[in-house]
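The values are calculated or read from the model by the stated rules, or taken from the named source; none is laboratory data. Computed from a predicted structure; not experimentally measured. For neighbour counting, all protein chains shown are included, and Cβ atoms are generated from backbone atoms with ideal geometry for every residue, glycine included.
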Amino acid sequence: MSEQPLDTHAVRAVRNRNRWMLIGVVAVFVVPMLIAFVLTRAGWEPKGTKAYGTLINPPRQVDAVPVTLAGGDKLVWRNPQWQWTLLALPGANCEQQCRNALADLVRMRATLGRNAERLRLVYLGPALPADVLTALAPLQAGRDDANAFADLSAEADDGLALALVDPGGYLMMRYAEGYDLGGVRRDLPKVVN
């Protein structure tokens, strides 16, 4: 039995095909990373990943800020239920427009379903009548004893701004007066789930 001579042309073709296959496999992993790097450097972010509110950078620690609730108790920022706190911060008064916005917040909280208990609503502003507070349950009313949230409050007399505090007592995000409640609703499941 005689050996057949190697066909150098066929060997080269197989080697080249294997090289191109290796380059293709490497490209499948490297090219998307390069594209992501270029897009990130250019400042592009996918729509669904951006928060609607304004991030507080760096987050402010507020767990020592004294807040007295309507019943006389102090607000405990770090609680065993590990709840987030959405602060409702009105302007100088809280009349019809502000009260409607508070009612919208209570309804929005209910749309969180089983995660609604992970978000507590706390109103820090001028005293509200008892019947209004009853209608807005589970909203808790209180007063900012140290005036620590004055810079985040609504500027308009009957306006409302919001601030989000994490379970560790850090102010993480703010929603300026005139916020879109739908945007707030889209942000909340990202943190309370």
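The table below lists the values:
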read-out: Qualifying positions in the stretch 107-125 - exposed (fewer than 15 other Cβ atoms within 10 Å of the Cβ), under 13 Å from Ala137 (Cα atoms) and not acidic (Asp, Glu); value: Arg107, Ala110
read-out: Residue among Pro129, Pro167, Pro138 that alone is surrounded by fewer than 19 Cβ atoms within 10 Å (Cβ to Cβ), closer than 17 Å to Trp84 by Cβ and free of Cβ contacts under 8 Å to residues at least 60 places away in the same chain; value: Pro138
read-out: Filter pass, Asp151 being within 20 Å of Arg60 (Cα to Cα), surrounded by 14 or more Cβ atoms within 10 Å (Cβ to Cβ) and at pLDDT below 95; value: no
read-out: Filtered residue count, the stretch 142-169, keeping only those that are at negative phi and either out of contact with any Leu (no Cβ under 8 Å at 6 or more places or on another chain) or among the charged types (D, E, K, R) (or both); value: 15
read-out: Hey, Asp131 under 20 Å from the mean Cα position of the chain (by Cα) and not aromatic (Phe, Trp, Tyr) or not; value: no
read-out: Residue within the stretch 111-122 that is free of Cβ contacts under 8 Å to residues at least 24 places away in the same chain and under 19 Å from Ala154 (Cα atoms) present; value: no
read-out: Complete set of residues in the stretch 116-145 that are assigned to a strand (DSSP E or B) and either within 17 Å of Pro167 (Cα to Cα) or not basic (Lys, Arg) (or both); value: Leu119, Arg120, Leu121, Val122, Tyr123, Leu124, Gln140, Ala141, Gly142, Asp144
read-out: Residue in the stretch 146-168 that is out of contact with any Ser or Thr (no Cβ under 6 Å at 6 or more places or on another chain), closer than 22 Å to Gly113 by Cα and either of a type in the set (Val, Ile, Thr) or part of a loop (DSSP other than H, G, I, E, B) (or both) present; value: yes
read-out: Any chance Ala103 is part of a strand (DSSP E or B) and either basic (Lys, Arg) or at pLDDT 95 or above (or both); value: no
read-out: Qualifying residue in the stretch 84-92 (condition: in the same structural domain as Tyr175 (by TED's automatic domain parsing) and hydroxyl-bearing (Ser, Thr, Tyr)); value: yes
read-out: Close pairs from the stretch 93-106: first in the same structural domain as Tyr179 (by TED's automatic domain parsing), partner part of a helix (DSSP H, G or I), Cβ under 6 Å, at least 6 apart; value: Asp104/Leu181
read-out: Selected residue (only one of Val67, Val62 is under 21 Å from Gly125 (Cβ atoms), at pLDDT 90 or above, of a type outside the set (Lys, Arg) and within 21 Å of the chain's Cα centre (by Cα)); value: Val62
read-out: Any hit, the stretch 87-103, residues being small (Gly, Ala, Ser) and exposed (fewer than 13 other Cβ atoms within 10 Å of the Cβ); value: no
